[in-house]
Amino acid sequence: MTDANKARGDGLSEAEAIERAKQGDAEAFEALYNLHKRRVYSLCLRMTANSAEAEDLTQEAFLQLFRKIGTFRGESAFSTWLHRMSVNVVLMRLRKKGLPVVPLEDTLETEDEAPKKELGAPDPALAGSVDRLQLQRAIEALPPGYRSIFVLHDVEGYEHNEIAELVGCSIGNSKSQLHKARMKLRELLKTSRAEKAAKP
Amino acid sequence: MNCAEFQRVLAEIIDGGGSAEQESHLESCSTCSSLVSDLKAISGQARALQASEEPSPRVWQAIDRTLQQWQSDLDYIAEQARTLQATEEPSPRVWNSLEIALRQEGLIRQPQRARSVVSFFERWRMAWLVPVAATLLVAGVILSQRGDQGGTQIAVRPQSPPSQSTSTNDDQQVLEAVASRTPAARDTYAANLRNVNAYIHDAEQSVQADPNDEEAQQYLMSAYEQKAMIYDMALDRSLP
């Protein structure tokens, strides 16, 4: 039985844990938390680039889950339902903080944030040399608008139409900002590698 | 196709693949080739970050504390709610109206006239509608009694209740009103009025026999209340 079907620790299946959690069973809540905490926390951490805030948002997302679990009807996978709820919790927080959740339109983009065009001489390729830690740091350094789109698409696997709905932008804008986010990440990774190489 | 043209459609190429012309440029251009391979590497490595972090135990501890607080609040609300069970007494009007309606429907029989005045009048303790006549009667009797006890002889006749003839006339008018609308109900109302008049008569006698008997006074007032209610029902002025 996989994690998706088996809640850790007490032998409850996810479906059983959901039904028991709907009745207010505290152990079932804990089982669901253990089953989904990594995915939710990682999402919060990638989107905010701040571990304290990610912990706070994880807590908020699960409390919201437990408040609303009675409305879960099984029309989608529980993990999908929970994940979407978590994304909304994070986006709501970003909006409250005044951070750009909706990607900047081309005309509003600052020159500093925009990735540079790549028309010059070829650089050594990154491929094969991007490790997880480097990428994680580069994502943290992305401007918030780019970071949201990149995390939702490339890390969490949302489609552009879903992202457009979640963050409230057009599909074209989501595509365009994703490309710019990737280009910006490439630039950040190259800079990082160059700095590393320059160290004695 | 040159590099600028290629890079304008780069996003589509990364996510969906390119045309033959784009593929051809890619094979011949190391700059664009390097770019595509870097972006694909970034995108591919990104998925490995999904669910890669473990939250601190503090997160569950905080959630658990909140859940316990919620549970405690819910338990308190439930406990308070249970204390509300069966705490409210309906007004006697509810049963009065119900009983009269049931009698009219023939669903319950006329009660045998209880010789125990107490048991009957216990149902008619209503403070909201005290017939003036009953008050005057009781007051009159009390004054008369006090007059007897004091030295001064004040000729205060016990205030009579609405005289038998007045009461009968009123009853007749009410019964005529009932008969004009629902003739079938007239006999029921007539029976109800006979019963209540009999109780009034008994209660009046009790009060006159002992004007200080508060219980008897209460029964008398209740009897008048019942009669007033029957009038109300008969004249379609039942309470909401």
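The values are calculated or read from the model by the stated rules, or taken from the named source; none is laboratory data. All values derive from a computational prediction rather than experimental measurement. Using ideal geometry, Cβ is built from the backbone for each residue, glycine included, and neighbour counts are taken over all protein chains shown.
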task = Take the residues in the range A:71-82 that are among the polar types (S, T, N, Q), part of a helix (DSSP H, G or I) and without any contact (Cβ under 8 Å) to a residue 12 or more places away in the chain, then tell me which one is surrounded by the most Cβ atoms within 10 Å (Cβ to Cβ).
result = A:THR80
task = Give B:ARG58, B:ARG8 a once-over and let me know the one that is loosely packed, with under 14 Cβ neighbours inside 10 Å, closer than 30 Å to A:ALA54 by Cα and basic (Lys, Arg).
result = B:ARG58
request  = Could you tell me which residue of the range B:74-100 is surrounded by the fewest Cβ atoms within 10 Å (Cβ to Cβ), considering only residues that are touching a residue at least 24 places away in the same chain (Cβ under 8 Å) and either part of a helix (DSSP H, G or I) or within 14 Å of another protein chain (Cβ to nearest Cβ) (or both)?
outcome  = B:TRP95
query = Looking only at residues in the range B:44-68 that are within 18 Å of A:LEU45 (Cα to Cα) and hydroxyl-bearing (Ser, Thr, Tyr), which one is farthest from the chain's Cα centre (by Cα)?
reply = B:SER52
query = Quick one: which helices (runs of 4 or more DSSP H) sit completely within the range A:9-70 and have at least 2 residues that are polar (S, T, N, Q) and within 22 Å of A:ILE149 (Cβ to Cβ)?
reply = A:26-48, A:51-68
remark   = Taking the range A:83-104 and keeping only residues that are more than 20 Å from A:HIS160 (Cβ to Cβ) and in contact (Cβ under 8 Å) with a residue 24 or more places away in the chain, one is left with A:MET85, A:VAL89, A:ARG93, A:LEU99
ask   = Counting only residues that are surrounded by fewer than 23 Cβ atoms within 10 Å (Cβ to Cβ) and under 16 Å from B:LEU49 (Cβ atoms), which one in the range A:150-188 is nearest to the other protein chains (Cβ to nearest Cβ)?
value = A:GLY157
From B:SER52, B:SER34, B:SER43, residue being in contact with a Pro (Cβ under 7 Å, 6 or more places away or on another chain) and within 12 Å of chain A (Cβ to nearest Cβ) = B:SER34
query = Got at least one residue in the range A:46-60 being under 18 Å from the mean Cα position of the chain (by Cα), among the basic types (Lys, Arg), at the interface with chain B (Cβ under 10 Å from one of its Cβ atoms) and crowded, with 23+ Cβ neighbours inside 10 Å?
reply = yes
request  = Answer with yes or no whether B:GLN71 is at the interface with another protein chain (Cβ under 8 Å from one of its Cβ atoms), surrounded by 12 or more Cβ atoms within 10 Å (Cβ to Cβ), under 37 Å from the mean Cα position of the chain (by Cα) and not charged (D, E, K, R).
outcome  = yes
request  = Assess whether A:LEU94 counts as being away from chain B (no Cβ under 14 Å), within 14 Å of the chain's Cα centre (by Cα) and at pLDDT 85 or above.
outcome  = yes
remark   = Exactly one of B:GLU12, B:GLU23 is free of Cβ contacts under 8 Å to residues at least 12 places away in the same chain, assigned to a helix (DSSP H, G or I), more than 10 Å from chain A (Cβ to nearest Cβ) and over 15 Å from A:LEU189 (Cα atoms), and that one is B:GLU23
